[in-house]
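The values are calculated or read from the model by the stated rules, or taken from the named source; none is laboratory data. Only a predicted model underlies this, so the values are computations on that prediction, with no experimental measurement involved. Backbone-built Cβ (ideal geometry, glycine too); neighbour counts: all protein chains shown. The protein model used for the area step is the full one, side chains on, heavy atoms only, and it has no ligands, DNA or RNA in it. Shrake-Rupley method; radii C 1.70, N 1.55, O 1.52, S 1.80 Å.
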Amino acid sequence: MKIRLLPHTLINQIAAGEVVERPASVVKELVENAIDAGASSIEINLRDGGRSYIAVIDNGTGIGPEDLSLAVERHATSKLAEENLFHITTLGFRGEALPSIASISRLKITSHPQNQPSAWSLTVEGGVKSALEPASFPVGTRVEVRDLFYATPARLKFLKTPATETSHILECIQRLAMAYPSISFLLKEDKRLIAHFPLSGEPLKRLSIIMGGEFADNAIEIDITRDDMKIKGYAGLPTLNRANSNLQFLFVNGRPVKDKLLNHAIRIAYQDYLANNRYPLVALFLTLPLDEVDMNVHPAKTEVRFRESGNVRAFIIGALKAAIQQAGFRSSTTVAQVALSRFKPSSQPSSSFQPSFPVSSGFKTDTFTNRGFSEPQKETFQPSFAEIPQPFQPKEETILHYPLGHARCQVHDTYVIAETNNSIIIVDQHAVHERLVYEELKNNQQKNAVPRQLLLIPEIIELSEKHLQLILGEQQQLEQCGLVIEHFGGNSLIIREVPAILGDSDLRRLIQDIVDELEEMGQSHNIQHKTEEILSTLACHGSVRAGRKLALDEMNALLRQMESTPFSGQCNHGRPTYVELKQTDIEKLFGRR
Ligand code: ADP
Ligand code: MG
């Protein structure tokens, strides 16, 4: 066959195949153009999930009539002034969005440039341009896309329902809205309002619209600069987590990106505090020198390549870990809210149940408020009080000001109830203990000094050949964690020493759990991760305190240890270790507020 140059429109349609996957891709390109044009307000209108109509209206600089027909030509751009692909300061730079979209739809651009008296419009259908026409439009630009994919109908078959396409568009707007808090965004479908991001001086406010209201209360601010790299944003507390990574947002130099490296960095940073199948909520804005990032990796520009990816990764992990550490023993407020919402008053106040006393009278004040939550209710807890070894207790008023307060009692041999000057704390002693044991083990393991205990009668355990090989492969690692095992002929294993912290727990189950963990992790994980998994399994087995009666001084000691141990607000699986019920919330529960 003879070689020939392809016609213009076909070339553009080929490019469109990469750039325009679905209506959301069109919206993304058009909104990015509006942002690049310096707009402070952007409105998007849709019909049929964008399939029959998309309009993006901005109040940016506009396009002059002399540039209008060039804008829809391939490789025509007003950006890339320096002709350097490593100096990109705009969202667009490839000059192919408009011609690509024009080749597969009916496109109309109406624009009124700044400092010019009037507006002009240009129509392109299936790649064919019409003549410029005068129009009436305020300063800015409106780009309308009708009948997307009409010229490449095969693509239509890949579209999902309008509702699904709209949700993709919304997601795209959300990402851009997060990155540009100084621009207002409005998304409508058939005149119905889908999303509105008004201007707000408070970046966290806009993030909360997207990440959920609870994010604002449960996020730690990050603002770190190292050399010429900068990271800003918010990291959610580990106890605020989800079953997928949909609420993890990453931006590089103002561009929303999806990047495996960054996702993995988040995973590593949180791995100590979350179960493997749970994902934290994170919004990170990374600023790097322009020549450190290659933006030109993917036609849709959603992926980037870093020159020094190891540095970037370490920087992100460090920033996130520091943030979590800074939160210390904080556990998310959502935990308390969930708890509160499950509380049901024991007798539902209804018309048949009316207090027989005047609630607002002195009765309430005398009987309740005067011995409210900020004062110890001595009558109720009298028996426990008798057990406090007074000599080494700081003064009670002082302890009430500690973040986790003063232990009052233990219930169900599992929960410690403490009082602070404005809340009640309920601690899951097993979960806490597991966390404390883990931190201690990890600390000792790093110093290669996990206290061990020699088994007087070594335990012999039989495993499958595969599992035996798997665990023997980690012999050295296990020894560092305090577990000394050896091959004992055949398919058996002998345990000679165990971490002292384990006490007399079920070693057979422990080994099985470790094997399961190793099997799940496979080959792919690094040594540190493996060690942490092993330590976590050991900690779980070493936490024997559930079901144990604690004396008050032991309970208070536990609270003090929690306060001074990093990350004690959640157990190794990201579950909370304690719940704080604020006095104000409790008062609401009883209708006192
Ligand atoms: P790119 O964004 O890569 O330059 P596009 O095809 O998306 O390529 O746009 C081509 C050119 O049209 C842009 O460089 C810009 O000059 C102009 N343009 C597109 N949309 C707008 C807009 N909303 N406001 C002002 N100028 C625009
Ligand atoms: Mg563009």
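Of Lys108/Lys188; Lys108/Lys157; Lys28/Lys79; Lys232/Lys442; Lys230/Lys258; Lys442/Lys466, which pairs sit farther than 22 Å apart, going by alpha carbon to alpha carbon? Don't skip to the answer; put the middle values down first.
Working: Lys108/Lys188 19 Å; Lys108/Lys157 24 Å; Lys28/Lys79 17 Å; Lys232/Lys442 29 Å; Lys230/Lys258 18 Å; Lys442/Lys466 28 Å.
Result: Lys108/Lys157; Lys232/Lys442; Lys442/Lys466 exceed 22 Å.
With a ≥ b ≥ c the root eigenvalues of the C-alpha gyration tensor of the range 101-192, is it rounded (a/c under 1.5), prolate (a/b larger than b/c) or oblate? Provide the component values of the computation, followed by the final result.
Details: a/c = 2.57, a/b = 1.15, b/c = 2.24.
Verdict is oblate for the range 101-192.
Near the amide H of Gln248, within less than 5 Å, lie the amide hydrogens of Val282, all on another chain or at least 5 residues away, with H placed in the peptide plane.
For His87, no residue has an amide H sitting under 5 Å from its own, ignoring neighbours fewer than 5 places away on the same chain, with H placed 1.01 Å from N. For the range 479-485, backbone phi angles converted through the Karplus equation (6.51, -1.76, 1.60; θ = phi - 60°) give residue-by-residue couplings of 5, 4, 8, x, 10, 9, 10 Hz, Gly and Pro being listed as x.
Can you tell me which of 193-205, 253-265 comes out highest on packing, and rank the rest after it, using the mean Cβ neighbours within 10 Å? Please report the intermediate quantities before stating the final value.
Details: 193-205: 13.8, 253-265: 17.6.
The densest-packed peptide leads the list: 253-265, 193-205.
Which value at 222 nm does the chain reach when only helices count, each DSSP H run of 4 or more adding -39,500 (n - 2.57), with the total divided by all residues and rounded to the nearest 500 deg cm²/dmol? Write out the running numbers ahead of the final one.
Details: 20 runs with 215 residues, N = 593.
After summing the helix terms and dividing by residue count, I get -11000 deg cm²/dmol.
When the Cα positions of Gln410, Phe488, Ser121 are compared along the charge dipole of the chain, Ser121 comes out farthest toward the positive end, with charges on each C-beta of Lys, Arg, Asp and Glu.
Over all distinct Cα pairs, what is the inverse of the mean 1/r for the chain, reported as the Kirkwood hydrodynamic radius in Å? That comes to 28.7 Å for the chain. The alpha carbon centroids of the range 234-272 and the range 215-229 are separated by 13 Å.
Using only side-chain charges placed at the Cβ, +1 for Lys and Arg and -1 for Asp and Glu, the dipole size of the range 388-524 relative to its Cα centre rounds to 420 debye.
Starting from the Cα gyration tensor of the range 6-63, take the square roots of the eigenvalues, sort them a ≥ b ≥ c, and report rounded, prolate or oblate (rounded when a/c is under 1.5, otherwise prolate if a/b is larger than b/c, else oblate).
oblate
Can you pull the percent of the range 1-65's accessible area that's carbon plus sulfur, 1.4 Å probe, other chains left in place?
On the way: 1640 of 2940 Å².
The nonpolar share, carbon plus sulfur, comes to 56 percent.
Based on the alpha-carbon gyration tensor of the range 38-145 and its eigenvalue square roots a ≥ b ≥ c, which shape applies: rounded if a/c is under 1.5, prolate if not and a/b is larger than b/c, or oblate? Rounded, because the longest to shortest axis ratio a/c is under 1.5.
If I compute solvent accessible area with a 1.4 Å probe over the protein chains, what percent of it on the range 442-523 is carbon and sulfur? It would help to have the intermediate numbers written out before the result.
Details: 2100 of 4580 Å².
Within the range 442-523, the accessible surface is 46 percent carbon and sulfur.
Taking a span of 30 Å or more along the helix axis (Cα atoms) and a mean Kyte-Doolittle hydropathy of at least 1.0 as the rule, no DSSP H helix of the chain qualifies.
What you get for the chain, charging only the Cβ of Lys and Arg (+1) and of Asp and Glu (-1), is a dipole of about 1540 debye around the Cα centre.
Scattering from the range 437-593 was approximated by placing one identical point on each alpha carbon and applying the Debye formula without solvent; log10 I(q)/I(0) at 0.21 1/Å stands at -1.44. Accessible area per residue for the range 232-272, computed on protein heavy atoms with a 1.4 Å probe, is 34 Å². The share of alpha-carbon pairs in the range 399-517 lying farther apart than 25 Å comes to 41%. Using the Karplus relation 6.51 cos²θ - 1.76 cosθ + 1.60 with θ = phi - 60°, the per-residue 3J(HN,Hα) values for the range 46-58 come to 10, 9, 6, x, x, 5, 8, 7, 9, 10, 10, 10, 10 Hz, with x marking Gly and Pro.
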